[in-house]
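Written out below as structure tokens is the structure these notes cover.
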Amino acid sequence: MSPPWLDWHVSDDLVIEVEQATVTRNRSDLIRSVSWQVELDERWVILGPNGAGKTTLLNLAGARMYPTRGSVTVLGERLGRTNIAELKPRIGFSSNGLVLPAEETARDIVVTASWAVVGRFRERYDRMDEARAMALLDQLGVAGLADRLYGTLSEGERKRVQIARALMTDPELLLLDEPSAGLDLGAREDLVRRLAGLAADPDAPALVLVTHHVEEIPPGFTHAMLMRDGGVVAQGLLRDTITAENLSKTFGMPLHLSTANDRFHAQGA
Ligand SMILES: Nc1ncnc2c1ncn2[C@@H]1O[C@H](COP(=O)(O)OP(=O)(O)OP(=O)(O)O)[C@@H](O)[C@H]1O
């Protein structure tokens, strides 16, 4: 039997620990008593219908919001008891809510992340930052657009620049809120392929992806959280969690689920 102090040992690999978290606004609960743990080598998808609480949970994990009740610990730092300004650069965050300057080049959009600023205003960047920004744009398949103004890029190209920006600080955790929203089929498939590449990279940070669609789950993702009405319907290993029964409960209608080539497809039963 292990000594009692071992039971208190928190895994060094634990990057997110949410315990019984509730977020309340205007007397209604956006999420209610949610508990969730993410380890360094895990790749999570959070899935659920509109208003389920997915973005709220992601905002907690991104240290962009505090729980009203319960506790949230990210990268070993308990929210409310830590310096958020020091924690935030350790977390890559990409969401549609992020407004980036249209008149900046794609390269500068990425490189400025290392200074936790939006906009390149008189800061000096060293060559290593520039080289890293270019390597990330290349990894996301948009190196050829480095000198284009962000405002002139297509939606799909912007998404990829946003993800490169989120990776610029070499985060220990990468949070992506609906990166495929608004993309056409080709751009979505390209993004899913690149996220699958990221998921397979042992040096990549822990990943959490929010989406409405099982079709957007990249191969290589390991875990899933299904949410509805601010609560958890199911969570755990992807293959155990993404089932027709769980999805039907989550979306409130009978659904049929199929898989092909490590991808899921759902339709009304
Ligand atoms: N500041 C707020 N005050 C009151 N209600 C809010 C506030 N912010 C969000 N909500 C509500 O909380 C619920 C959860 O919102 P959240 O954005 O987390 O859901 P979501 O699952 O990300 O939804 P979607 O898929 O539509 O983006 C929604 O019903 C939303 O209207």
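Quick notes
- Which numbered condition residue 90 fails, given (1) under 17 Å from the mean Cα position of the chain (by Cα); (2) farther than 27 Å from residue 194 by Cα; (3) modelled with pLDDT under 95: (2)
- Residue list for the stretch 57-78, filter: under 18 Å from the mean Cα position of the chain (by Cα), under 23 Å from residue 231 (Cβ atoms) and not charged (D, E, K, R): 57, 58, 59, 60, 61, 62, 63, 65, 66, 72, 73, 74
- Criterion (in contact with a strand residue (DSSP E or B) (Cβ under 9 Å, 6 or more places away or on another chain), of a type in the set (A, V, I, L, M) and under 17 Å from residue 36 (Cβ atoms)) met by exactly one of 232, 192, 214: 232
- Among the residues of the stretch 30-66, the one identified as near the ligand (Cβ under 8 Å from one of its atoms) and of a type in the set (D, E, K, R) is 54.
- All conditions but one from (1) surrounded by fewer than 21 Cβ atoms within 10 Å (Cβ to Cβ); (2) touching a residue at least 60 places away in the same chain (Cβ under 8 Å) apply to residue 101; the one that does not is (2).
- Restricted to the stretch 151-249, the set of strands (runs of 3 or more DSSP E) holding at least 2 residues that are surrounded by 21 or more Cβ atoms within 10 Å (Cβ to Cβ) comprises 173-177, 206-211, 223-228.
- The condition of being in contact (Cβ under 8 Å) with a residue 40 or more places away in the chain and more than 22 Å from residue 172 (Cβ to Cβ) holds for only one of 43, 90, 69, that being 69.
- Close Cβ contacts (under 8 Å, 6 or more residues apart or on different chains) running from residues in the stretch 252-269 that are assigned to a loop (DSSP other than H, G, I, E, B) to residues that are exposed (fewer than 11 other Cβ atoms within 10 Å of the Cβ) and not hydroxyl-bearing (Ser, Thr, Tyr) comprise 253/268; 254/268; 254/269.
The values are calculated or read from the model by the stated rules, or taken from the named source; none is laboratory data. This one's a predicted model, so the numbers in the text were calculated from it and none came from an experiment. Every residue, glycine as well, gets a Cβ built from its backbone with ideal geometry; the counts of neighbours run over all protein chains shown.
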